[in-house]
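Asker: Supplied in structure tokens, the structure appears directly below.
The values are calculated or read from the model by the stated rules, or taken from the named source; none is laboratory data. The model shown is predicted, which means the values in this text are computed figures rather than measured ones. Positions of Cβ are backbone-derived with ideal geometry, glycine not excepted, and every protein chain shown enters the neighbour counts.
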Amino acid sequence: MNRLILGMLVLLIGCGPSSKKNETTKAGRIDAPFKLPYQLTAPDETYTLPKKLEEISGLTYYKDDQLLCVQDEEAVVFVYDYKKKALVNEFGFGGYGDFEGIEYVNDDVYVLESNGNLFRFKPESTQIGRTKTDLPKKTEVEGLGYDPKTKRLLIAVKNGNGSSDKAVYSYDLLNKAVFKDMNLNDEQLNDAGIDPKTYKPSGIAVHPITGEWYILTSAGKRLIITSRQAKIRYSEPLDPKQFRQPEGICFAPNGDLFIASEGSGKKGYIMKFNYKK
């Protein structure tokens with residue numbers, strides 16, 4: 001009898017710590033709540049742009065408190081100094097087209113056309129390169145970003161056909177090759193409270209400190225944050241009165257966020273949100 005009681009006690013003691021250990025392991029896998037380091041309802045600065053940038057469609061950080069901007073129809077890069085609150089320079093790179101994104105990488109300017117073509121040139125240079133990315137047919141793109149970890153330009157699809165829908169392609173600057181880096185599906189979007197029909201990216205940028213991808217949608221008026229592994233980490237609707245037509249997004253090296261909106265009949269503008277760690 002004593003041996004039986006002793007055996008039962010050993011069994012009970014053995015079960016207790018094991019159960020507790022499993023609970024701890026499970027709890028350790030739960031992601032911490034995401035805290036957005038910006039207050040999107042209260043920009044720290046708003047810059048009203050001149051009429052020639054009423055249809056601003058993309059922007060990127062340049063240098064010395066300056067941004068490079070493009071607008072939809074004209075092949076011109078505008079240099080905007082947000083300390084002086086003025087355009088300080090502009091330079092052309094061709095004729096006319098549908099230009100939707102711009103990125104400044106390693107002293108080169110890249111401009112994205114809606115059909116996926118990429119222009120490459122140095123500021124104020126007359127030597128202009130053009131690359132056809134050969135994306136699937138009937139694919140319309142709007143967002144251009146750059147991921148320094150992979151050394152790839154990111155190309156966000158606004159309207160796709162079949163497998164290209166809701167995808168983010170990338171252009172490898174070293175190998176001159178195109179890859180599909182991410183593809184969100186309807187289930188993911190629904191789980192995040194996002195109507196898949198309104199998920200039409202107009203801008204994409206990589207956070208310089210966290211490495212997360214910030215995706216801007218103009219049609220759905222929303223900011224979506226994902227990991228490189230296509231996991232939606234955060235989503236926030238944007239006030240349509242504040243963000244009339246959000247088209248461009250970029251970061252300063254210190255993490256400050258810039259979002260540009262077309263004027264929609266008024267002047268275009270850029271909002272700056274200070275990075276709050």
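Asker: What is the residue count in segment 192-249 for residues that are in contact with a strand residue (DSSP E or B) (Cβ under 6 Å, 6 or more places away or on another chain), farther than 21 Å from GLN71 by Cβ and of a type in the set (Lys, Arg)?
Answerer: 2
Asker: Only one of ASP186, ASP191, ASP172, ASP195 is charged (D, E, K, R), touching a helix residue (DSSP H, G or I) at 6+ places or on another chain (Cβ under 7 Å) and more than 22 Å from SER57 (Cβ to Cβ). Can you tell me which?
Answerer: ASP186
Quick grid of which residues meet (1) part of a strand (DSSP E or B); (2) over 19 Å from ILE259 (Cβ atoms); (3) in contact with a Pro (Cβ under 8 Å, 6 or more places away or on another chain); (4) of a type in the set (D, E, K, R):
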residue: LEU40; (1), (2), (3), (4): no, no, no, no
residue: LYS52; (1), (2), (3), (4): no, yes, no, yes
residue: SER57; (1), (2), (3), (4): yes, no, no, no
residue: ASP64; (1), (2), (3), (4): no, yes, no, yes
residue: VAL76; (1), (2), (3), (4): yes, yes, no, no
residue: LYS83; (1), (2), (3), (4): no, no, no, yes
residue: ASN89; (1), (2), (3), (4): yes, yes, no, no
residue: PHE93; (1), (2), (3), (4): yes, yes, no, no
residue: ASN115; (1), (2), (3), (4): no, yes, no, no
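Asker: If you go through segment 95-105 one residue at a time, how many are of a type in the set (Gly, Ala, Ser) and part of a strand (DSSP E or B)?
Answerer: The qualifying residues number 2.
Asker: Among the residues of segment 45-72 satisfying the criterion of being of a type in the set (Ser, Thr, Tyr) and surrounded by 24 or more Cβ atoms within 10 Å (Cβ to Cβ), which is farthest from GLY101 (Cα to Cα)?
Answerer: My answer is THR60.
Asker: Here's another thing I want to ask about it. I'm told GLY263 meets every condition in (1) surrounded by fewer than 17 Cβ atoms within 10 Å (Cβ to Cβ); (2) modelled with pLDDT under 95; (3) farther than 22 Å from VAL141 by Cβ except one. Can you identify the failing condition by its number?
Answerer: With respect to (1) surrounded by fewer than 17 Cβ atoms within 10 Å (Cβ to Cβ); (2) modelled with pLDDT under 95; (3) farther than 22 Å from VAL141 by Cβ, GLY263 is out only on (1).
Asker: THR133 is checked against (1) farther than 23 Å from MET182 by Cβ; (2) at pLDDT below 95 and fails just one. What number does that condition carry?
Answerer: (1)
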